[in-house]
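Written out below as structure tokens is the structure these notes cover.
Every number here is computed from the coordinates shown, using simple stated rules; none is lab data. Everything numeric in this text was worked out from a predicted model, so none of it was measured. Here the Cβ positions follow ideal geometry from the backbone for every residue, glycine too, while neighbour counts run over all protein chains shown.
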Amino acid sequence: MSFATEPLNIGTGSSTGVYFPTGRALCHVFGDYGRKKGRKYACTAHQSLGSVANLQALAGGKINLGIVQSDAHYHAVKSIRKFKGKPITELRSLFSLHAETFTVVARSDVSVHKLDDLRGKRINVGKKGSGPRETFLELMATLGWKASHVAGFTQFGADEQVKALCDGRTDVITFVVGHPADLIRRAARSCRTNLVNIYGPGVNKLLKKWPYYRNSRIPAGLYRGSNSDIRSFGLSATLVTTTKLDAETAYDITAAVFGNLGKFRSMHPALKYLSATEMVKDSLSAPLHDGAKRYFKENGLR
């Protein structure tokens, strides 16, 4: 198997999210790299149901690359949650991608600006099994909050929660998302809203407990009424593969991205703030693939 002959199939997410355009951006930089090396190969970004589906497809040999959220990445390695008793021992990390920030949007008339202000409010945590719900419940457990500390939980799905916020059926909505995000823009256009700072000792404790979380921020100016940076925490999108991918291909994939990082950053707003230093170490629970490891060592990145 080699970079020149083996088709690269990347599992991503839905067409409306960030994973799918990120997968297409990866294929684009792989193509540029291949042409410079005089190589021709196929690269396709496939829409999917997301992280868990991508990990299962990797384990089954249906794809050879996948973009997965760092918590699912960790669960697959540690054989917990949805992967309990089913560890993907052959899983290997290439590098991390954009931050997926735990984002809290409040209707302005409820005066929620920081973490403690969430007490006594109606909070939309999303459907059972959704990423924002799992993250918020982990945060609550770390803070020692009980259900009685909030006015109630609502369970509106992603497509309904902006309307529910602006209609007054909930006070706060939550996302785990790369920025800028269309849903946040829609909320800011639909009614008066503000983003909420989520940081402090409780968040620090959560980050220490679960290595798949990271500090994050939402830059000022991305949304209407957002005039200063918002501090929060979140997950990382990570690019993973398995031991079935040969070292030469893994090396060239890594070289294609890191050797042309400026162009890669320009290909989607969520990629704009990528840092090579963070990409080689953040949220990479599975061992580094030998090919990526060699590239990082040769270029003084790790």
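For Asp229, the shell of other residues with beta-carbons less than 15 Å away shows a net charge of +4, using +1 for Lys and Arg and -1 for Asp and Glu.
Treating only the Cβ of Lys, Arg, Asp and Glu as charged (+1, +1, -1, -1), what charge dipole size does the chain show about its Cα centre? Round to the nearest 20 debye. If you can, show how the numbers build up before the last one.
On the way: 44 positive and 23 negative charges, 41 e Å.
Taking the Cα centre of the chain as origin, the dipole is about 200 debye.
Placing +1 on the Cβ of every Lys and Arg and -1 on the Cβ of every Asp and Glu, with no other charges, gives the range 95-146 a dipole of roughly 280 debye about its Cα centre. Amide H contacts under 5 Å for Phe95: Leu239, restricted to partners 5 or more places along the chain or on a different chain, H placed in the peptide plane at 1.01 Å from N. Beta-bridge orientation, the range 100-235: approximately 75 percent antiparallel, per DSSP, counting only bridges with both partners inside. The label-point distance for Trp145 and Lys263, in a model that sets each label 7 Å from Cα toward Cβ, rounds to 4.5 nm. Summarising the label geometry, the points placed 7 Å from Cα in the beta-carbon direction at Ser79 and Ser15 lie 4.0 nm from one another.
Where the alpha-carbon atoms of the range 84-169 are placed on the principal axes, they occupy 50, 28, 22 Å, in descending order.
Within a Cβ distance under 15 Å of Phe153, other residues only, what is the Lys/Arg minus Asp/Glu net charge? Don't skip to the answer; put the middle values down first.
Values: positive: Arg119, Lys121, Arg122, Lys127, Lys128, Arg133, Lys146, Arg169; negative: Glu134, Glu138, Glu160, Asp171.
Around Phe153, the surrounding residues sum to +4.
Using Cα centres only, tell me the gap between the range 199-215 and the range 16-73 in whole Å. About 29 Å separates the Cα centre of the range 199-215 from the one of the range 16-73. Over the range 100-235, the alpha carbon radius of gyration divided by the compact-protein estimate 2.2 N^0.38 Å works out to 0.95. Rounded to the nearest 5, the antiparallel percentage of DSSP beta bridges internal to the chain is 65%. Considering only Leu65, Ile230, Gly17, and ranking their Cα positions along the charge dipole of the chain that arises from unit charges at the beta-carbon of Lys, Arg, Asp and Glu, the one farthest toward the positive end is Ile230. Look at where the Cα atoms of the range 172-197 and of the range 270-302 average out, and the two centres are 30 Å apart. Per-residue ellipticity at 222 nm computed for the chain from its helices equals -10000 deg cm²/dmol, with DSSP H segments shorter than 4 residues left out and the rest contributing -39,500 (n - 2.57).
For Ser79, the amide hydrogen comes within under 5 Å of the amide hydrogens of Ile88, counting only partners 5 or more places away or on other chains and with H modelled in the peptide plane.
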